[in-house]
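Heads up: the structure comes next, in structure tokens.
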Amino acid sequence: MGKELVTCGLPYANGPCHIGHLRTYVPADVYVRFLRMMGRDVVFVCGSDTHGTPIVINAEERGLSPEELVDIYHRHFQDVFRKLRIDFDYYGSTDSETNHRRTREIVKELIKNGYVYSKKIKLAYCPKCERFLPDRYVEGVCPYCGMEARGDECDQGCGRHLEPGEILEPRCKIDGSKAEYREQEHYFFRLSAFKDFLMDFLEHLEGTENAINYSKEWVRKELKDWCISRNLEWGVKFPGKDDMVVYVWVDAPIGYISFTEEYGKIAGFDWKEIWKDNARITHFIGLDIVYHHCIFWPAMLKGAGYSLPSAVVASGMVKIQDKTFSKSRGYVVWVEDDYLEEGFHPDHLRYYLINYTSHQKDLNFSWKVFGERINRELVNTLGNFLYRVMHFTWKNFGEIPEGRVSPEIMEKVERVRKKAVDLIMDYEFKEACDTIMDLASFGNTYFQSKKPWELIKRDRNSCAKVIKNCLQIVKALAILMYPVLPSSMEKVAEWIGLSPERINLDELSVEVEGGVVERPTLPLEKIDDERIEMAEKRLLRRIESMSVEEESRLISPEDFGKLEIKIGRIVTAERIKGSNKLLRLEIDVGGEKRQIVAGFAGKYRPESLVGKQVPVLLNIKPAKLMGVESRGMVLAVDVDGKPIILSPEEEVPEGSIVR
RNA sequence: GCCGGGGUGGCCUAGCGGGUGGGGCGUCAGACUCAUAAUCUGAAGGUCGCGGGUUCGAACCCCGCCCCCGGCACCA
């Protein structure tokens, strides 16, 4: 079998590493270590994703150049990965010369093959800055819901993704001045041409179901062509257009190819072996970027004549203390500041991430559970077994006893090896880990039942045999747990004379050899409850301080005064054709009849609403919904997304003011 | 609303071509003392989300409903 490639989704070099990142990288690292222990020739690459608007904005805000900002986080991630023993063969940057070249080459190839076309679209232009405003440089009004929105997404209102040029009343985010729409030519990737290809591709794609099912559904619906050019200086210049760069989601995955190429130069192989010769390619990613890896990326590769991914392995989301991960609300654990700096062991976090739950499911990180699981499972069961055997050997023999290991022990180890490998190949990392932990448990039971501490007093030979068997289990554990706990297991391996290069699966069928045994130290140490409490407190404080910030967003009476709310009477109510939620209402608000669209249909029958008095917000910007204009908003209670109408306690004249 | 994925003892879960619900952690009780108050043995603990149906028999099959997560959508 030739070379194969494993990659991890590229971290965006815009902020520090958090536990959510590791949810993908640790299992990938474990997977790669297993493949290597099986003798497979793996290339493992990753790198910083460096382009795109957020980095430009963030750099500007901090008075840095994009290069400087990217450099900070590029180093940071490398440092964190090194400390956590996530050992990429190569960690590159999408801003490298290779990646610029490769990206342009691929875009040119797509152009040549007819998969790119240009189209004039209208885009926000700031006359003051004298430039077109890409994506998030624009603020304005959402065309769908009328809320204040960003150029790429209606972040405060309906949450809808906005295509370039869609936003209304655009303003420049940099100087706040009014922007205007100007026509400009942009480039589109003909994704729609790949529908049949993708349907077939996804039928054969390996990996986790969560990735493949999602993608199939997306492809089944209509595929829209992608705008792949942006008005930005920071990025890969669009071929033939020096004033534009390619969209960051084009050059980011191409990084996988570039990093392979860059590493190939160092390691002495040709990147084409992998990217032109249908080598096995496995992408580890988070669930949030499935679309890019299962649809856009293979289409690009196909269109430009490169090898396609063999498997996409998507990890589930991370929750913090059972709440949705959220940096702005404080539900986040920073790997450097909160974990490593506080002196927690990298292997402990690796174990937790692998062993908490199956790879595809959501993983909850709670400090309390972390402390419990490390101490009660990892340290007590595995750590203690390793230590008690080594300690007993050292104290009573001073060396690994001569003699053979019992066949039943060798067979037991072999069964565990087979099961664990099968599970790893199925990306069931937790189950694989459990299987290996069972061996430690088996070891404890064996040790307990054979009572070597009694045997040593009356039958030294029998005792030696028992210990030899236990040492074989120690060896098996050191090897099989090595992918999850590399630094701890290297230490244990050394105790039994197993050098790092001999940590591989073939060694499992080799009997542990004689040699001097030194006094062991603790292979895995417990975590003090106090440290867990401190870490938890720190997290809770952060969450609290974030919510205090929210509280400080109090508004003034003047702000409230801006809202013009009056009582109106519903005079007509009817369903809007084609909508199962929306009603068209006519409301008498005192001398004026307003047409308002409201999402009450799921809860109320239209006829039951007629005659009701309700509060109406009159001076909200009008919006169109399902083609019906809505001038105002009926205020209602929202209970889990369901509306409950408010009405005054007694009849009041229409147009009465609410304040 | 639609499309995925889930709802199994306090927690993480196995079981889903039907035949008396398994495991691990925790809890409780014993045992042991080589070992990091570790380990070993045993026990308690479950209306398998809810309601129907098919069947001699359903966690598993069918129908309806509820809840959680994610995506999409018309979230005024």
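The values are calculated or read from the model by the stated rules, or taken from the named source; none is laboratory data. In this text the structure is predicted, and so the values were computed from the model without any measurement. Note: ideal-geometry Cβ built from the backbone for every residue, glycine included; neighbour counts use all protein chains shown. The accessibility values were calculated without ligands, DNA or RNA, using every heavy atom of the protein model including side chains. Shrake-Rupley method; radii C 1.70, N 1.55, O 1.52, S 1.80 Å.
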Problem set entry | When residues of segment A:456-468 are limited to those that are within 11 Å of RNA strand B (Cβ to nearest atom) and open to solvent by 20 Å² or more (accessible area, probe 1.4 Å), the one farthest from A:Trp394 (Cα to Cα) | A:Lys457
Exercise. If we keep just the residues of segment A:303-353 that are among the hydrophobic types (A, V, I, L, M, F, W, C) and assigned to a helix (DSSP H, G or I), which is farthest from RNA strand B (Cβ to nearest atom)?
Worked result: A:Ala304
Exercise. With A:Val389, A:Val379, A:Val413 as the choices, which residue is within 30 Å of A:Phe284 (Cβ to Cβ), of a type outside the set (Phe, Trp, Tyr) and out of contact with any Lys or Arg (no Cβ under 8 Å at 6 or more places or on another chain)?
Worked result: A:Val413
For this session: Please name all residue pairs, on different chains or six or more residues apart, with Cβ atoms under 7 Å, provided the first residue is in segment A:216-231 and is on the phi < 0 side of the Ramachandran plot and the second residue is open to solvent by less than 40 Å² (accessible area, probe 1.4 Å) and polar (S, T, N, Q).
Result: none
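Yes or no, residue by residue, for (1) open to solvent by 10 Å² or more (accessible area, probe 1.4 Å); (2) more than 7 Å from RNA strand B (Cβ to nearest atom); (3) not in a helix (DSSP H, G or I):
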position	(1), (2), (3)
A:Val369	yes, no, no
A:Glu372	yes, no, no
A:Val389	no, yes, no
A:Thr393	no, yes, no
A:Arg404	yes, yes, yes
A:Glu411	yes, yes, no
Exercise. Could you say whether any residue in segment A:226-233 is more than 16 Å from RNA strand B (Cβ to nearest atom) and among the β-branched types (Val, Ile, Thr)?
Worked result: yes
For this session: Confirm whether A:Leu539 is at pLDDT below 90, within 16 Å of RNA strand B (Cβ to nearest atom) and open to solvent by less than 80 Å² (accessible area, probe 1.4 Å).
Result: no
Seminar exercise, completed: Reported set for segment A:30-41 where residues are within 29 Å of A:Thr103 (Cβ to Cβ) and open to solvent by less than 10 Å² (accessible area, probe 1.4 Å) is A:Tyr31, A:Val32, A:Leu35
Exercise. Limited to segment A:354-367, what total is found for residues that are open to solvent by less than 20 Å² (accessible area, probe 1.4 Å), closer than 19 Å to A:Glu431 by Cα and either near RNA strand B (Cβ under 6 Å from one of its atoms) or in contact with a Leu (Cβ under 9 Å, 6 or more places away or on another chain) (or both)?
Worked result: 3
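Here is a yes/no grid of residues against (1) small (Gly, Ala, Ser); (2) over 23 Å from A:Asn355 (Cα atoms); (3) at pLDDT 95 or above:
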{"site": "A:Gly2", "(1), (2), (3)": "yes, yes, no"}
{"site": "A:His21", "(1), (2), (3)": "no, no, no"}
{"site": "A:Pro27", "(1), (2), (3)": "no, no, no"}
{"site": "A:Phe44", "(1), (2), (3)": "no, no, yes"}
Problem set entry | Pairs with Cβ under 7 Å, 6+ apart, first in segment A:520-542 and in contact (Cβ under 8 Å) with a residue 60 or more places away in the chain, second open to solvent by 80 Å² or more (accessible area, probe 1.4 Å) and not acidic (Asp, Glu) | A:Ile532/A:Lys368; A:Glu536/A:Lys368
Problem set entry | Members of segment A:420-431 found to be more than 8 Å from RNA strand B (Cβ to nearest atom) and either free of Cβ contacts under 8 Å to residues at least 24 places away in the same chain or touching a His at 6+ places or on another chain (Cβ under 9 Å) (or both), listed by number | A:Asp422, A:Leu423, A:Met425, A:Asp426, A:Tyr427, A:Glu428, A:Phe429
Exercise. Does any residue in segment A:438-450 that is within 14 Å of A:Met481 (Cα to Cα) come within less than 6 Å, Cβ to Cβ, of a residue that is within 6 Å of RNA strand B (Cβ to nearest atom) and open to solvent by 30 Å² or more (accessible area, probe 1.4 Å) six or more places away or on a different chain, and which pairs are these?
Worked result: A:Ala440/A:Thr381; A:Ser441/A:Thr381
